[in-house]
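The values are calculated or read from the model by the stated rules, or taken from the named source; none is laboratory data. Values in this document were obtained by computation on a predicted structure and should not be read as measured data. Here the Cβ is made from the backbone with ideal geometry for all residues, glycine too, and neighbour counts use every protein chain on show.
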Amino acid sequence: MTDLDLGGGYTLRPIPVAEYRAACARLEGQIFGGNWLYDFGPPTRVPVPLGETFSWGLFHADELIGWQFSHQTDERTVSMADTGVLPGHQGRGLYTRMLPHVLDTFRAAGYTLVTSHHRATNNRVIIPKLRAGFLVQGLNLYEGGLNVALTLSLDSAYRDAMHVRSGFQQAHGEAARRLGVSPLPRPDAPPPPGLALPDDAGPGTDLGSGYALHAVPDATYRHIYAQLEAAVYDTVSFDWPHPAPLPPLAAPQYTWLVGHAGQVVGWHASRQADTRTAYMANTALLPAHRGQGLYTRLLPVVLAFLRDQGYDLVRSRHHATNSAVLIPKLRAGFRLQGLEVGEHGVMAVLMLSFDDPYREYMDVRSGLTRPTGEVAQRLGLDGGS
């Protein structure tokens, strides 16, 4: 790989592993000094031998201001083990511009999978990774805190298989063959009925481009949902053989319809989850109205409403491989909190805090930052060192 111009005077340049290690020793305190690590002390065993290695330096003019180091972990996988950029050069899109060049190198070298691990609340890195096609695979606790594991498949069938595993889509084609399954035939879904906005829809909040969000009673939302559900979801849920045995919890419900040209094209439902948490339970748009940034525009309207209701926290769950929803949620300030298996599949759990110290607390729990100030006080710690 030759030097690559990243624009703005920045260059990505291959460097020897020894130069990468020397740069780490010299600069990692400036880059990662704010993280919260457990000090194991001196290692007790010699390092595990690495497979093939890839090391690049990030240069501004002739000054090395960061790096990317990756290494082979098995016969089909390369790990993006370490990326660092000096604080004065962060926030300029360098990671996003560097990433496709690094991935092209792995693809040309014949790898099938690319893995990486990041602090679970480090949205500045997680978002560009998801945009590049990485998918959330899990979370684990380690000496640095709480890590999220991401995997990019350079094999399209395996990428489809990850969606199947999460329940985001049904097995089909090559993915179904490799998984050794064959989906049952399903009748073709009829086109969605055109439903006019009901008479009891509120006046609506403008979402731009002719769209509006209208508050409606819960019963109206459920009536619309029942008519349009089949046209909205391609996901695969567990088919319970009997109706739910208990009535819904008696908690406040907040329901809206998305309208366009007098027609219902989507909805959102939230509800109270506990004494300080709202749960964003369901959002959907008809296929013809997706890919226009509508979810991103709807999100701040709903969050502002929930904040005005007095909630401290907002929780939501989404299929772990549904990056089209995870990305706008993370951009809005939600943080990955976990994975759980439910009737709809493997779901990523997200949390947004309207309370600044609690938001910082989530970063402390993940190890992204050290406990200081009010967060340290609330944890009963001396955060002065």
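In the range 349-361, how many residues are assigned to a helix (DSSP H, G or I) and within 15 Å of the chain's Cα centre (by Cα)?
Count: 0.
Filtering the range 79-103 to residues that are basic (Lys, Arg) and under 16 Å from Arg131 (Cβ atoms) leaves only Arg97.
All of Ala278, Ala288 fail the test of being assigned by TED's automatic domain parsing to the domain that holds Arg222, over 15 Å from the mean Cα position of the chain (by Cα) and at pLDDT below 95, apart from Ala288.
Can you tell me which residues in the range 59-92 are in a loop (DSSP other than H, G, I, E, B), within 19 Å of Gly33 (Cβ to Cβ) and small (Gly, Ala, Ser)?
Passing the criteria: only Gly91.
So is Leu141 closer than 29 Å to Val125 by Cα, without any contact (Cβ under 8 Å) to a residue 12 or more places away in the chain and surrounded by 11 or more Cβ atoms within 10 Å (Cβ to Cβ) or not? In short, yes.
Yes or no: His71 farther than 25 Å from Thr115 by Cβ and in the same structural domain as Tyr111 (by TED's automatic domain parsing)?
Details: farther than 25 Å from Thr115 by Cβ: no; in the same structural domain as Tyr111 (by TED's automatic domain parsing): yes.
Answer is no for this residue.
Out of all the residues in the range 2-19, which are part of a loop (DSSP other than H, G, I, E, B) and either loosely packed, with under 14 Cβ neighbours inside 10 Å or without any contact (Cβ under 8 Å) to a residue 24 or more places away in the chain (or both)? Within the range 2-19, Thr2, Asp3, Gly8, Gly9, Pro16 qualify. Val341 passes every criterion in (1) surrounded by fewer than 17 Cβ atoms within 10 Å (Cβ to Cβ); (2) in contact (Cβ under 8 Å) with a residue 24 or more places away in the chain apart from (2).
Considering Val364, Val346, Val314, the condition of being touching a Pro at 6+ places or on another chain (Cβ under 8 Å) and either modelled with pLDDT of 95 or more or not in a strand (DSSP E or B) (or both) is satisfied by Val364 alone. Against the test of being closer than 30 Å to Gln337 by Cβ and either under 27 Å from the mean Cα position of the chain (by Cα) or not acidic (Asp, Glu) (or both), the options Gly93, Gly51 yield a single qualifying residue, Gly93.
Right, Leu184: out of contact with any Gly (no Cβ under 8 Å at 6 or more places or on another chain) and either surrounded by fewer than 16 Cβ atoms within 10 Å (Cβ to Cβ) or assigned to a strand (DSSP E or B) (or both) or not?
Considered against the rule, which asks whether it is out of contact with any Gly (no Cβ under 8 Å at 6 or more places or on another chain) and either surrounded by fewer than 16 Cβ atoms within 10 Å (Cβ to Cβ) or assigned to a strand (DSSP E or B) (or both), Leu184 comes out as yes.
Please work out if Gly210 is farther than 29 Å from Gly342 by Cα, of a type outside the set (Ser, Thr, Tyr) and assigned by TED's automatic domain parsing to the domain that holds Glu343. When the stated conditions are applied, Gly210 passes them.
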